Amino acid sequence: MNARIYRDLRLRRMPRLRRSRRTFFLVVRYRVLISGQVQGVYFRDTCRRMALKRGVSGWVRNLPDGRVEAVFEGPAEGVHHLLDWTRRGPRLAVVADVAVQAEHPEGIGTFLIR
């Protein structure tokens, strides 16, 4: 038997692997308190746009004491990217400190500015 024909027969008998169209990822949630010059510099709007771009849910709001509080929930990679971003903030922000606290995911479906 010709080697090429034998190889083709072997390949045809092998089962095909099915690729799943679903992608599974680890969902994480973090509450973040950002202090410094973080209000009045488009921090919340930029944060919302970054979160939507990365597929992260949650919310962000200004606090009366001048800090910004945010909750990020979603794929670990996207959430960690946002956590890194909060340490810099938008161009006009001056971030002094970022406090991060892990929480259990709650299944938030969108990202809001509160």
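If the condition is being assigned to a strand (DSSP E or B) and surrounded by fewer than 19 Cβ atoms within 10 Å (Cβ to Cβ), then the stretch 31-65 contributes Arg31, Leu33, Ser35, Gly36, Gln37, Arg61, Asn62.
The set of residues in the stretch 69-85 being in a strand (DSSP E or B) and either on the phi > 0 side of the Ramachandran plot or exposed (fewer than 12 other Cβ atoms within 10 Å of the Cβ) (or both) consists of Gly74 alone.
Going through (1) in contact (Cβ under 8 Å) with a residue 60 or more places away in the chain; (2) touching a Phe, Trp or Tyr at 6+ places or on another chain (Cβ under 7 Å) one by one, Ala99 falls short only on (2). Taking residues in the stretch 57-72 that are touching a residue at least 40 places away in the same chain (Cβ under 8 Å), and partners anywhere that are of a type in the set (Lys, Arg), the pairs with Cβ atoms closer than 6 Å and at least 6 places apart or on different chains are Trp59/Arg114; Val60/Arg44; Arg61/Arg114; Val71/Arg31. Scanning the stretch 95-107 for residues that are in contact with a Gly (Cβ under 6 Å, 6 or more places away or on another chain) and of a type in the set (Val, Ile, Thr) gives a single hit, Val95. Filtering Arg16, Arg10, Arg21, Arg88 for residues that are surrounded by fewer than 17 Cβ atoms within 10 Å (Cβ to Cβ), in a helix (DSSP H, G or I), modelled with pLDDT under 95 and not polar (S, T, N, Q) leaves a single hit, Arg10.
The values are calculated or read from the model by the stated rules, or taken from the named source; none is laboratory data. Note that the structure is a prediction, hence the values are computed from the model and not measured. Cβ atoms come from the backbone with ideal geometry, glycine included; neighbour counts cover every protein chain shown.
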